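The values are calculated or read from the model by the stated rules, or taken from the named source; none is laboratory data. The structure presented is a predicted model; accordingly, all values stated were derived computationally and were not measured. Counting neighbours? That spans all protein chains shown, and the Cβs are built from the backbone with ideal geometry, glycine included.
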Amino acid sequence: MKKVLVFQHVPYEILGTLDPLLRRGGYRVRYVNFGRDPRAEPELDTEKYDGLIILGGPMNVDMTDEYPHLDTEVRLIQKMMAQGAPILGICLGAQLIAKSLGAVVSKNPEKEIGWYNVSLTEDGKADPVMGHLVDTRPIFEWHGDTYELPEGAVHLASSPTCENQAFRYGSNVYGFQFHMEVDAALVERWLNTPVYQAEIEATEGRIDPNVIRAETMEHIAQLTELSEQVFDSFLDLMGRVNRTVQIGSM
């Protein structure tokens, strides 16, 4: 049976629309729930997994005293990259991949919470996974940090308020700053999660949850269609990668 490894940080950041696609593709999902045990250092036989998905979370990648699992994740990401495993990082997950590749993660000039227009670069338009984003589209965001583009990575997408929205490293490692995996129920769950409510309140009215709700109803169907195309392409990649090829040689 095909197996995928998933790093989860908090109970309210989940696979979302990725979950049914993985099940439809015949994948068995193995979660490592760092939210339950921040000091967990799982000794994983990473070679038995067909890929790795790293989900989001409210912490910063450098908060390793409070969340020591972040160092563990960097080590495991580097290990799986060296093994040639397909990897997808979402939001915090993308930042952890960037850190694993030696890039700096820091505050974005502006918090992006809600729906923001994302556009592909020329390389993004030619990318087999991200290329489904044909025109500029509103995609859901929830982040205050950003990452430098890792050395050797390909810049795939940007928004007016965050330059590095997506990148590819080698041919099978992807980082997405945005949340393409959300549905309307998940957005509403985040809007009712205390730590995220506090983050919105800290913007002193710049971000309005009711505006986010209205825009979610407007944009969610289009995002669901796009996410299925993008994620299906990543899963197709995950199903055919030759794990004997190391990513540094690609």
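Here is a check on your reading of the model: is residue 143 of a type outside the set (A, V, I, L, M, F, W, C), on the phi < 0 side of the Ramachandran plot, touching an Asp or Glu at 6+ places or on another chain (Cβ under 9 Å) and free of Cβ contacts under 8 Å to residues at least 40 places away in the same chain? Steps first, answer last, please.
Details: of a type outside the set (A, V, I, L, M, F, W, C): yes; on the phi < 0 side of the Ramachandran plot: yes; touching an Asp or Glu at 6+ places or on another chain (Cβ under 9 Å): yes; free of Cβ contacts under 8 Å to residues at least 40 places away in the same chain: no.
When the stated conditions are applied, residue 143 does not pass them.
Criterion first (at pLDDT 95 or above, more than 25 Å from residue 182 (Cβ to Cβ), not basic (Lys, Arg) and not in a helix (DSSP H, G or I)) does residue 114 satisfy it? Walk me through how you get there before you give the answer.
Working: at pLDDT 95 or above: yes; more than 25 Å from residue 182 (Cβ to Cβ): no; not basic (Lys, Arg): yes; not in a helix (DSSP H, G or I): yes.
Judged against the criteria, residue 114 is not a match.
Does region 149-158 contain at least one residue that is free of Cβ contacts under 8 Å to residues at least 40 places away in the same chain and under 21 Å from residue 221 (Cβ atoms)? Can you show your working first?
To start, the set of residues in region 149-158 that are free of Cβ contacts under 8 Å to residues at least 40 places away in the same chain comprises 154-157.
Filter once more, keeping what is under 21 Å from residue 221 (Cβ atoms): 157.
Yes, there is a match, as at least one residue in region 149-158 is free of Cβ contacts under 8 Å to residues at least 40 places away in the same chain and under 21 Å from residue 221 (Cβ atoms).
Looking at residue 79, is it over 28 Å from residue 188 (Cα atoms) and either aromatic (Phe, Trp, Tyr) or part of a strand (DSSP E or B) (or both)?
On the way: over 28 Å from residue 188 (Cα atoms): yes; either aromatic (Phe, Trp, Tyr) or part of a strand (DSSP E or B) (or both): no.
Answer is no for this residue.
Tally up the residues in region 33-49 that are crowded, with 20+ Cβ neighbours inside 10 Å and either over 9 Å from residue 5 (Cβ atoms) or in contact with a Phe, Trp or Tyr (Cβ under 8 Å, 6 or more places away or on another chain) (or both), please. Before you say what the answer is, go through the steps one by one.
Start the filter on region 33-49 by keeping residues that are crowded, with 20+ Cβ neighbours inside 10 Å, which leaves 34, 49.
Now restrict to residues that are either over 9 Å from residue 5 (Cβ atoms) or in contact with a Phe, Trp or Tyr (Cβ under 8 Å, 6 or more places away or on another chain) (or both): 34.
Residues meeting the conditions: 1.
Scan region 146-157 residue by residue and report those that are assigned to a strand (DSSP E or B) and crowded, with 20+ Cβ neighbours inside 10 Å. Working first, answer last.
Within region 146-157, the first condition is being assigned to a strand (DSSP E or B), and the residues that meet it are 146-147, 154-157.
Passing the criteria: 146, 147, 156, 157.
Being buried (at least 22 other Cβ atoms within 10 Å of the Cβ) and not basic (Lys, Arg): is that true of residue 179 here?
Values: buried (at least 22 other Cβ atoms within 10 Å of the Cβ): yes; not basic (Lys, Arg): yes.
In short, yes.
Do we find that residue 83 is farther than 27 Å from residue 139 by Cβ and polar (S, T, N, Q) in this structure? Give the derivation first.
Working: farther than 27 Å from residue 139 by Cβ: yes; polar (S, T, N, Q): yes.
When the stated conditions are applied, residue 83 passes them.
Starting from residues that are touching a strand residue (DSSP E or B) at 6+ places or on another chain (Cβ under 9 Å) and either closer than 16 Å to residue 78 by Cβ or not in a helix (DSSP H, G or I) (or both), keep the ones in region 232-249 and report whichever is modelled with the lowest pLDDT. Give the steps one after another, and end with the answer.
First pass over region 232-249, keeping only residues touching a strand residue (DSSP E or B) at 6+ places or on another chain (Cβ under 9 Å): 234-235, 237-239, 241, 247.
Then drop every residue that is not either closer than 16 Å to residue 78 by Cβ or not in a helix (DSSP H, G or I) (or both), which leaves 241, 247.
Numbers: 241: 70, 247: 42.
Checking each candidate, the answer is 247.
Please go through region 179-196 and pick out each residue that is touching a residue at least 12 places away in the same chain (Cβ under 8 Å) and either in a loop (DSSP other than H, G, I, E, B) or of a type outside the set (A, V, I, L, M, F, W, C) (or both). Spell out how you get there, then give the answer.
We begin by selecting, within region 179-196, every residue touching a residue at least 12 places away in the same chain (Cβ under 8 Å); these are 179-184, 186-191, 193, 195-196.
Passing the criteria: 179, 180, 181, 182, 183, 188, 189, 193, 196.
Taking the options 46, 72, 17, name whichever one is of a type in the set (Ser, Thr, Tyr) and modelled with pLDDT of 95 or more. Break it down into steps so the answer makes sense when it comes.
Details: 46 fails: modelled with pLDDT of 95 or more; 72 fails: modelled with pLDDT of 95 or more.
On inspection, the qualifying residue turns out to be 17.
Conditions (1) free of Cβ contacts under 8 Å to residues at least 24 places away in the same chain; (2) within 20 Å of residue 174 (Cα to Cα); (3) assigned to a loop (DSSP other than H, G, I, E, B), marked per residue:
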{"residue": "38", "(1), (2), (3)": "no, no, yes"}
{"residue": "62", "(1), (2), (3)": "no, no, yes"}
{"residue": "89", "(1), (2), (3)": "no, yes, no"}
{"residue": "93", "(1), (2), (3)": "no, yes, no"}
{"residue": "109", "(1), (2), (3)": "no, no, no"}
{"residue": "119", "(1), (2), (3)": "no, yes, no"}
{"residue": "124", "(1), (2), (3)": "no, yes, no"}
